[in-house]
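The values are calculated or read from the model by the stated rules, or taken from the named source; none is laboratory data. Quick caveat: nothing in here was measured; it's all calculated off a predicted structure. All Cβ positions, glycine included, derive from the backbone under ideal geometry; neighbour counts span all protein chains shown. Accessible surface areas use protein heavy atoms only, side chains included; no ligands, DNA or RNA. Shrake-Rupley method; radii C 1.70, N 1.55, O 1.52, S 1.80 Å.
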Amino acid sequence: MRHLARKQRVSTGTEALALFIGLSNVSSRKLGACTQCRYNSTGTKASGTVNIDGKPYPIDQWHNLSPNITSAISRKLHVQADHPISITRAIIESRFPGPTFKYHNNFFPIVSTQQNFDSLGFPADHPGRSKTDTYYVNQETVLRTHTSAHQADVFRANESEGWLISADVYRRDAIDRSHYPVFHQMEGARVWDRTRVANGDIATAVLKDIEALPKHSMKVEDPNPPTHPERNPLQKEHSLAEAEAIAAHLKHSLELVVVEIFSRAKAAAISANPDYVDEPLKVRWIEAYFPFTSPSWELEIFWQGDWLEVLGCGVVKQDIMEKAGQPRQLGWAFGVGLERIAMLLFEIPDIRLFWSKDDRFVGQFKGLSANLDNLRRFVPFSKFPACYKDVAFWLRSSSSSAGGGLGANSQDFHENDVMEIVRDIGGDVVEDVTKVDEFTHPKTGRKSLCYRINYRSLERTLTNEEANGYHDQVRKALVEKLGVELR
Ligand code: DAH
C-alpha cells in the first residue's frame, strides 16, 4: 500500500518544499501505556477531562496532546486576511467558482476516529492510526490528520455539486524547515448525479463540462492508462467511460490550478527581477493508492530540478457515496497541502514563518488578499546564527521492559516522542532535529541514539545560555518522560 509519504530530505533548493500531504512517517507499533500510574508513556495525564477551545473532552490513556499543539487551534491561518496560507487558499478557490463549488472554511479540528479513518475505509491496523503519528484527545477522538475527515459529512449534507474544505490538520512528525505538527490542507470534490444529467449519461455530461473548462498549454506527462486492473482498478459501480471522463475532468481542473499558481509566482518573480527567466512548467501524473479513491493519482511538478509531489486525488469510492446516502452520485476528490504551495508561490524558506506574528513577516503580505494580482515574493529578513547541541542516550534493553513503568526500550521507542518533547520545550526556537548516531552495544544489546538539535530563532539571535537552558530541559524531559539514560 502506498501512502502519500513525505519525501526524504532533499536538496537545499527544494528542501523548503518537501512538505507532505499524506499520512506519513508510518510505523505500526503503538506506544506502551504505563499500567502503574495515570500517565501514558509520553508523560501526559491519562484520565479526567481537558478543555479545548472552551469545550470539555474526556481523556484516557490515548491522550497525547500538549498545550503547544492545542493553542494552534485558535489561529485559523487559512482565513486570516493577508496571511500567505489564506492568500494561497483564495487563489486555488478562484479556479473552482460558485455556485457549482461551495467553500467550507470553518470546520472544527476535533473529529472522531470514525470521521478521520473509518468513514474513509482505513483498515483497523492502518499505521496512520498510531498514537505516535496522530494526536488523540481520547481513544475515539483525534485532531484531524487530514481534511478528508469531513468528506463523508459533506457528501451527506449534499449542499452543492462541488465543494472545497480548507482547514488546519495535525500530525506528530519530525522537526525541520518543512515539517510542522500543524499545517493546512484543502480538500476538493465534484460529483455528478445520475438522475440529474441528460439520459442518465454521466460520461457525456462530464465530457461536456470538460469542454467548458479553459484550455492550457502546460506540458503534462501522463503515461499510464486511467485504470489498471491491480494497481488502480475501475470500481464495479462505474463504467470505464464514466471513470475515464471523471479522471479527465479531475486532471484538467487540477492542471489549471497549477497553471494559476505558477503564473502568479512568475509574475511575482518578474516584478522582483525583470530579468527573471523561468524554465517551462512541467507536471506529471503518477499512479497512487488511497483507501478512499480508485483509481488514484498524485500530481508532481518539476521544480528547480526535482519532481515535487503536490497533491493526491482520485475517483471517490462508491461505498463512501452510498454510506453518505448518495448512491446515485459519482465524482472525484483531491487533497493538497497549502504550506507547500505557499512556500513555492512566495519562496518562503521555513515553515515556522507561517506562525510568526513578527511584522517583518506578516507586514510583507499586507493588502494582498484584496488584490491577488499584486503578489510579491517574500524577502527573508536576516538569518540568525545556528546553535547546535547534541543529546545522546541509551534506551533500555528490550528484555528489561518486563517490569512495566516508564522507560522506552528499542521496541517501544519512537522518534516522534523525542520530537514532541523538543517542541514542547523549545517551540519555534528549534529549527531542526536530526539523528546523528545510532548503535547497539555488542554485549548488552542496548541501543544508543544521538540527536542533534539546532536552536535558531527566526526572529532574533539566541544567546548560548538560552540555548543551554532549553537543552538542559530537553535532557531532563527525555529521562523523565521516555525513561532513557543519558550518556
Ligand atoms: N487525505 C490525503 C492525505 O492527506 C490526501 C488526499 C488524497 C485527499 C486523495 C483526497 C484524495 O481527497 O482523493 O494524504
Screening 261, 246 for residues that are β-branched (Val, Ile, Thr) and under 30 Å from residue 378 (Cα atoms) leaves only 261
In segment 335-384, what residues are farther than 27 Å from residue 306 by Cα and among the charged types (D, E, K, R)? 357, 358, 359, 360, 366, 373
Are there any pairs, at least 6 apart or on different chains, whose C-beta atoms fall under 9 Å, with the first in segment 330-357 and assigned by the TED database to the domain that holds residue 316 and of a type in the set (Ser, Thr, Tyr) and the second more than 16 Å from the ligand (Cβ to nearest atom) and open to solvent by 10 Å² or more (accessible area, probe 1.4 Å), and if so, which? 356/362; 356/428; 356/458; 356/459
Yes or no: residue 286 without any contact (Cβ under 8 Å) to a residue 40 or more places away in the chain and assigned by the TED database to the domain that holds residue 331? yes
List every residue pair whose Cβ atoms sit under 6 Å apart, with the two residues 6 or more apart in sequence or on different chains, where the first one lies in segment 375-391 and is open to solvent by less than 70 Å² (accessible area, probe 1.4 Å) and the second, anywhere, is among the aromatic types (Phe, Trp, Tyr) and in a strand (DSSP E or B). 387/455; 391/451
Within the bounds of segment 317-339, is there any residue that is within 14 Å of the ligand (Cβ to nearest atom) and more than 23 Å from residue 149 (Cα to Cα)? no
Does residue 356 qualify as being more than 16 Å from the ligand (Cβ to nearest atom) and out of contact with any Gly (no Cβ under 8 Å at 6 or more places or on another chain)? yes
Listing of strands (runs of 3 or more DSSP E) fully contained in segment 271-352 that carry 1 or more residues being aromatic (Phe, Trp, Tyr), closer than 22 Å to residue 217 by Cβ and open to solvent by 30 Å² or more (accessible area, probe 1.4 Å): 293-303, 306-316
Residues of segment 134-154 satisfying the condition of being more than 12 Å from the ligand (Cβ to nearest atom) and either of a type in the set (Asp, Glu) or buried (at least 24 other Cβ atoms within 10 Å of the Cβ) (or both): 135, 140, 142, 143, 153
Being outside any loop (DSSP other than H, G, I, E, B) and either open to solvent by 50 Å² or more (accessible area, probe 1.4 Å) or small (Gly, Ala, Ser) (or both) is the filter here; which residues of segment 221-250 pass it? 221, 240, 241, 243, 244, 245, 247, 248
Any residue at all in segment 202-213 that is of a type outside the set (D, E, K, R), in contact with a strand residue (DSSP E or B) (Cβ under 9 Å, 6 or more places away or on another chain) and either under 30 Å from residue 109 (Cβ atoms) or open to solvent by 10 Å² or more (accessible area, probe 1.4 Å) (or both)? yes
Under the condition of being surrounded by fewer than 21 Cβ atoms within 10 Å (Cβ to Cβ) and touching a residue at least 24 places away in the same chain (Cβ under 8 Å), which residue from segment 155-172 is nearest to the ligand (Cβ to nearest atom)? 162
Matching option when the condition is open to solvent by less than 60 Å² (accessible area, probe 1.4 Å) and within 29 Å of the chain's Cα centre (by Cα), among 417, 437: 417
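Quick grid of which residues meet (1) farther than 14 Å from residue 184 by Cβ; (2) touching a Lys or Arg at 6+ places or on another chain (Cβ under 8 Å):
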position: 85; (1), (2): no, no
position: 91; (1), (2): no, yes
position: 94; (1), (2): yes, no
position: 97; (1), (2): yes, no
position: 113; (1), (2): yes, yes
position: 121; (1), (2): yes, yes
Of the conditions (1) open to solvent by less than 40 Å² (accessible area, probe 1.4 Å); (2) in a helix (DSSP H, G or I); (3) free of Cβ contacts under 8 Å to residues at least 40 places away in the same chain, residue 253 satisfies every one except a single condition; which number is it? (3)
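Residues checked against (1) within 16 Å of the ligand (Cβ to nearest atom); (2) small (Gly, Ala, Ser):
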position: 271; (1), (2): no, yes
position: 282; (1), (2): no, no
position: 288; (1), (2): yes, yes
position: 292; (1), (2): yes, no
position: 295; (1), (2): yes, no
position: 305; (1), (2): no, yes
position: 315; (1), (2): yes, no
Being in a helix (DSSP H, G or I), within 27 Å of residue 65 (Cβ to Cβ) and touching a Ser or Thr at 6+ places or on another chain (Cβ under 8 Å) is the filter here; which residues of segment 86-117 pass it? 86, 89, 113, 116
Can you list residue pairs whose Cβ atoms sit under 6 Å apart, with the first residue in segment 424-435 being more than 16 Å from residue 449 (Cβ to Cβ) and the second being basic (Lys, Arg)? Count only pairs 6 or more apart in sequence or on different chains. 428/352; 431/456
